[in-house]
Structure formats: structure tokens, C-alpha cells
Amino acid sequence: MTQEHPPLTEGVYYILLALFDARHGYGIMQLVEEMSNGRVRLGAGTIYGAIKTLLERGWIEALDGDGRKKEYIITESGKKVIGYEILRLRELFDNGIRITKEDGTNG
Amino acid sequence: MDKYRLVVNPYDIEKWVNNMASQGWHLKKFTWIRFTFERGEPGSYIYRHDELERFGGASYEDEYLEFLKSSGIEQVDRSGNFVFFRKPANDGPFELYSDKKNKIRKLSQKISLLLSLILLNLIIGVIGLSGILSVQAIDWIKLSMNITNILVVVLFSIPLIKLMRVRNNLKKDLDLFTD
């Protein structure tokens, strides 16, 4: 990808959204499943890997807690990334609706 | 009950362990080749394996295992960096990795390990055999060793091809879909 803001994976997009409030890993998993009406079920290994990478990028940060169950929250740069992603999704959505409407596929 | 299997293709082993579980035999512990099962309710658990990163560091491992535990995932047993986990089947589908890229990465590690093992044995075997056959008196010990080399090559090639096929299918999916 040569875009300035490459598309996020569905998993990362939802993990970042889930972290607008502080949550631990299992909390992320539950909220994402709930938000997507059970469509997106993230594996624990996948979430853990994503959290590690997101921390490295500085898009989320760990909160000081009791240590055992770490909680995470989105950072300002993480929020920026989400903003760009929403713009990208809107572009995809608008173009999809416009063209399918002209064609009549979309009722 | 003890059963013996060599872990070459971990995905085959996982399938087998889940098959055993559906017949009411639940994995209790395992080493490299020995798997111990105990009687239980058929199909009450889903089993998944993982291979921990060898150089991830101790804190990485602790954190990861703790993380899985807090997600309601039970560690069955561990041998080296190979771990088996399980979760009650009532909780719904259970996968450790829901994304294809992680799966592809893990498969690639396995494939390169198998490939180097096969190549090493092939080279030693071929050089050895050509050396032995070019002299008059045959050294039987050397000969049997080199035949073992060739056997290893043949035996490990089958899981290698299987793993590569799985990886290729995942890669094709990635052409069309994101994770």
C-alpha cells in the first residue's frame, strides 16, 4: 500500500473503538462481539498480538492497574488513526451507495 | 489412556485431539510423542494449540498465558513451546487466532523448520550414499544411517506439502479479503 493512511484490519478498527473506554483484553473481546452482533469474534491470540503492536505504535497505552489484568486505553494518535479510517470507510460507503443506486441494485 | 504421535504437523495433532474429545477422551498431558487422555463427557471442550515464541522473553510468555486465562481459556499442558489450551464447547466457537496473517506467520515458521530438516538430511544422505557406493567394501552402519536420512526426507515431505497447501489457501483468501 502506498497510501498515507493504509486501511486498518477489521480487528484493529474494532479494538481501537473498544478502547475509547479503558478495558482489558477479555472486555475488548466481549464488546467487539456485541457491537458486531456476534459477527466479529476475535481470537485471544489475535487480540494479544494486536495489543502488543498497538502499544509499540503508541496508538494505545496500558493503564497502571493491579498488574494481573492490564487495562488499555486509546491515545490521541490512536484517535487520529480512527478518524482517518472513518473517512476512508465513508468514501467506500458513499461510492458503493451512489453506484449501486444508479444501477438500481440498491432499491 | 496413552497414545503415541509424533508432532510434525501441529494442525493434524489438534484435529486428532479434538476428535478424541468428541469421543469422550480428553487430553490431560503430553510430551513430544506421548499423549495421555482421560475419560470425560464427549465433546464438552474445544482444544487449540499454540506455539509460544521462542525468543519472546519470559515476561511475554507470562503475560500471554495470563491473558488467555483471563479470557476463560484453560491451559491443558505444555511441552517446550508447544501448548494445548481448551475452552468449554458451551461457550461457542473457540479460536486463538481469528486473523489469517498470524496463521500464515506460524505456518511459515513451521515450514522453514521442516524444510531445513529435510534439506539437511537429503544432503547428508546423498553425499553419504554416493560415498559408500563408490567403494568396494560396504560399511553397513554408515549405509543404514544414510538410508535413515533418506527416510526422514520422505516421511517429513508429506506434512511439509500439507502445511504448504494450507498456507497457500490462506494466502489466496488474503487476495480477496482482509483478515
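The values are calculated or read from the model by the stated rules, or taken from the named source; none is laboratory data. All values derive from a computational prediction rather than experimental measurement. In this analysis, Cβ positions are derived from the backbone assuming ideal geometry, glycine residues included, and neighbour counts consider all displayed protein chains.
Filter the stretch A:25-35 down to residues that are more than 7 Å from chain B (Cβ to nearest Cβ) and touching a helix residue (DSSP H, G or I) at 6+ places or on another chain (Cβ under 7 Å) and give me whichever is surrounded by the most Cβ atoms within 10 Å (Cβ to Cβ). Show your work before the answer.
As a first pass, look at the stretch A:25-35 and keep what is more than 7 Å from chain B (Cβ to nearest Cβ): A:27-28, A:30-35.
Adding the requirement that they be touching a helix residue (DSSP H, G or I) at 6+ places or on another chain (Cβ under 7 Å) leaves A:28, A:31-32, A:35.
Values: A:28: 24, A:31: 17, A:32: 21, A:35: 13.
Ranking the candidates gives A:28 first.
Restricting the stretch B:27-65 to residues that are facing chain A (nearest Cβ under 10 Å) and assigned to a strand (DSSP E or B), which is nearest to residue A:70 (Cα to Cα)?
Out of the qualifying residues, it is B:50.
State all residues of the stretch B:15-43 that are under 14 Å from residue B:83 (Cα atoms) and surrounded by 18 or more Cβ atoms within 10 Å (Cβ to Cβ); if no residue qualifies, say none.
Once the filter is applied, which keeps residues that are under 14 Å from residue B:83 (Cα atoms) and surrounded by 18 or more Cβ atoms within 10 Å (Cβ to Cβ), the stretch B:15-43 yields B:17, B:27, B:30, B:35.
State yes or no: is residue B:68 at pLDDT 85 or above and either within 30 Å of residue A:69 (Cβ to Cβ) or out of contact with any helix residue (DSSP H, G or I) (no Cβ under 9 Å at 6 or more places or on another chain) (or both)? Lay out the reasoning, then the answer.
Numbers: at pLDDT 85 or above: yes; either within 30 Å of residue A:69 (Cβ to Cβ) or out of contact with any helix residue (DSSP H, G or I) (no Cβ under 9 Å at 6 or more places or on another chain) (or both): yes.
Yes, satisfied.
Looking at B:116, B:108, B:144, which is the one that is part of a helix (DSSP H, G or I), away from chain A (no Cβ under 14 Å), in contact (Cβ under 8 Å) with a residue 40 or more places away in the chain and among the polar types (S, T, N, Q)? Talk me through it step by step, then tell me what you get.
Values: B:116 fails: in contact (Cβ under 8 Å) with a residue 40 or more places away in the chain; B:144 fails: in contact (Cβ under 8 Å) with a residue 40 or more places away in the chain.
That would be B:108, the only listed residue that is part of a helix (DSSP H, G or I), away from chain A (no Cβ under 14 Å), in contact (Cβ under 8 Å) with a residue 40 or more places away in the chain and among the polar types (S, T, N, Q).
Scanning for something out of contact with any Phe, Trp or Tyr (no Cβ under 8 Å at 6 or more places or on another chain), more than 10 Å from chain B (Cβ to nearest Cβ), modelled with pLDDT under 90 and not in a loop (DSSP other than H, G, I, E, B), does the stretch A:39-53 turn up at least one residue?
yes
Determine which single condition residue B:97 fails, assuming it passes every other condition in (1) hydroxyl-bearing (Ser, Thr, Tyr); (2) within 10 Å of another protein chain (Cβ to nearest Cβ); (3) loosely packed, with under 15 Cβ neighbours inside 10 Å.
Status for residue B:97: all satisfied but (3).
Being within 30 Å of residue B:48 (Cα to Cα) and either within 13 Å of chain B (Cβ to nearest Cβ) or of a type in the set (Phe, Trp, Tyr) (or both), is that true of even one residue in the stretch A:71-79?
yes
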